[in-house]
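K.L.:
Here you go, one structure.
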Amino acid sequence: MSHAQAPVPGLSAASGRVQPRTRNRTNAAELGAAAVLLFLVAAAIFPHLLSSFDPLGINPAKAFSAPSSSHWFGTDESGRDIYSRVIYGTGQSLLIGVTATAIGMGLALVLGVLGGIGSRSVDFAVTRLNEVLFALPGLLLALVFIAIVGPGVVTSTIAVGLSTAPGYARIIRSQIRAVRGSAYVEAATVLGRRPVTILARHVLPNAVAPVFVLATLGVGQAIVWASSLSYLGLGAVPPAAEWGAMLSAGRTYIGTAWWMTVFPGAFIVLTAGAATVLGRSLQARTRQENR
């Protein structure tokens, strides 16, 4: 006697793929990432509501205190509360990441538009320049810029922005090329619309929108790169309450005061991870809407 096989929860009858459970996991990941980013934004705007200690206030008597109920993340070599420093450093770290991404997107928009709508000679020049910049690793390009201009928070932010521009520019150029050959652009041309109007109303919105979704991934990457530069002493420097600078200050004491490095590093990882999860989620939804 044959027995009907009981349906397995979470499996599609046609393909056997785990659809509901995957959606639940995705939703849980998105909610978790959104909660992390909301907390970080709140910490950046209202740090005084989340911490009661002065991030720069020293107390030598409590130097190198381990994490406890009074100092959740412990204290550093000067007795400064690390939790307060991490919270107050959120604003500067997020500002650096967002600003660097905006700089990269702005430069990429200029290069992408010139390459996408320019003449063959302009497109050739822009493409060759973009290939030269793209051939260099992003962090190496930032280091070259800092070596020429000099270290500092502003310089490192600009350097990170410049290092992310080539990748965005290549995507924008290809998107503009694709949109220019679409039916609605041809229809607007037949109707006698001016080239500037077609570019502003049809080409740019449809070509740049996917790249702005991709830029959400770039914010997390920019924060990691800016923190790396600060760790090397080329960005924010101690005693600034910035995550990379805190990592740089704590590396000397990693064997005796691990909390000086672990907690700032954990916030960098959480921020980059949350931005990546939300960015990939937006990408997936955009692709589904375009199908």
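K.L.:
Only one of 192, 181, 152 is at positive phi and more than 21 Å from the chain's Cα centre (by Cα); which?
P.N.:
192
K.L.:
Only one residue in 103, 45, 87, 82 is in contact with a Pro (Cβ under 6 Å, 6 or more places away or on another chain), at pLDDT 90 or above and either over 20 Å from residue 244 (Cα atoms) or of a type in the set (A, V, I, L, M, F, W, C) (or both), so which one is that? First the steps, then the outcome.
P.N.:
On the way: 103 fails: in contact with a Pro (Cβ under 6 Å, 6 or more places away or on another chain); 45 fails: in contact with a Pro (Cβ under 6 Å, 6 or more places away or on another chain); 82 fails: in contact with a Pro (Cβ under 6 Å, 6 or more places away or on another chain).
Exactly one of 103, 45, 87, 82 is in contact with a Pro (Cβ under 6 Å, 6 or more places away or on another chain), at pLDDT 90 or above and either over 20 Å from residue 244 (Cα atoms) or of a type in the set (A, V, I, L, M, F, W, C) (or both), namely 87.
K.L.:
If I ask for residues that are surrounded by 11 or more Cβ atoms within 10 Å (Cβ to Cβ) and among the aliphatic types (A, V, I, L, M), which ones from segment 186-210 would you list?
P.N.:
187, 188, 198, 199, 200, 203, 204, 207, 208, 209
K.L.:
Now, a different point. Do you know which residues across segment 158-175 are of a type in the set (Val, Ile, Thr) and in contact with a Gly (Cβ under 8 Å, 6 or more places away or on another chain)?
P.N.:
Across segment 158-175, the qualifying residues are 160, 164, 171, 172.
K.L.:
For segment 52-74, give me each residue that is touching a Pro at 6+ places or on another chain (Cβ under 9 Å) and within 17 Å of residue 247 (Cβ to Cβ).
P.N.:
55, 73, 74
K.L.:
Go through segment 263-275 and give me each residue that's surrounded by fewer than 17 Cβ atoms within 10 Å (Cβ to Cβ) and without any contact (Cβ under 8 Å) to a residue 60 or more places away in the chain.
P.N.:
Within segment 263-275, 266, 269 meet the criteria.
K.L.:
Exactly one of these conditions fails for residue 210: (1) in contact (Cβ under 8 Å) with a residue 60 or more places away in the chain; (2) in contact with a Gly (Cβ under 6 Å, 6 or more places away or on another chain); (3) not β-branched (Val, Ile, Thr). Give me its number.
P.N.:
(2)
K.L.:
Residues in segment 175-192: is at least one of a type in the set (Lys, Arg) and touching a residue at least 12 places away in the same chain (Cβ under 8 Å)?
P.N.:
Within segment 175-192 (the criterion being of a type in the set (Lys, Arg) and touching a residue at least 12 places away in the same chain (Cβ under 8 Å)), the answer is yes, since at least one residue qualifies.
K.L.:
What number of residues within segment 133-158 satisfy the criterion of being part of a helix (DSSP H, G or I) and out of contact with any Leu (no Cβ under 7 Å at 6 or more places or on another chain)? Walk me through how you get there before you give the answer.
P.N.:
Step one: list which residues in segment 133-158 are part of a helix (DSSP H, G or I), which gives 133-135, 138-149, 153-158.
Narrowing the set further to residues that are out of contact with any Leu (no Cβ under 7 Å at 6 or more places or on another chain) leaves 134-135, 138-140, 143-144, 147-149, 153-155, 157-158.
Qualifying residue count, segment 133-158: 15.
K.L.:
May I ask you to say which residue of 233, 265 is assigned to a helix (DSSP H, G or I), over 10 Å from residue 93 (Cβ atoms) and not β-branched (Val, Ile, Thr)?
P.N.:
265
K.L.:
Out of all the residues in segment 220-246, which are under 19 Å from residue 102 (Cβ atoms), crowded, with 24+ Cβ neighbours inside 10 Å and of a type in the set (A, V, I, L, M)?
P.N.:
The answer is 222, 223, 226, 229, 236.
K.L.:
Right, next: Return the pair list, or none, for Cβ contacts closer than 7 Å from residues in segment 28-49 that are over 15 Å from residue 93 (Cα atoms) to residues that are part of a helix (DSSP H, G or I), at least 6 apart or on different chains.
P.N.:
Once the first residue is over 15 Å from residue 93 (Cα atoms) and sits in segment 28-49, its partners that are part of a helix (DSSP H, G or I) give 29/277; 30/277; 30/278; 30/281; 33/274; 33/277; 33/278; 34/278.
K.L.:
Quick one: is residue 169 at pLDDT 80 or above and more than 30 Å from residue 245 (Cβ to Cβ)?
P.N.:
yes
The values are calculated or read from the model by the stated rules, or taken from the named source; none is laboratory data. Here the structure is a predicted model, which is why all the values come from computation and not from measurement. In this analysis, Cβ positions are derived from the backbone assuming ideal geometry, glycine residues included, and neighbour counts consider all displayed protein chains.
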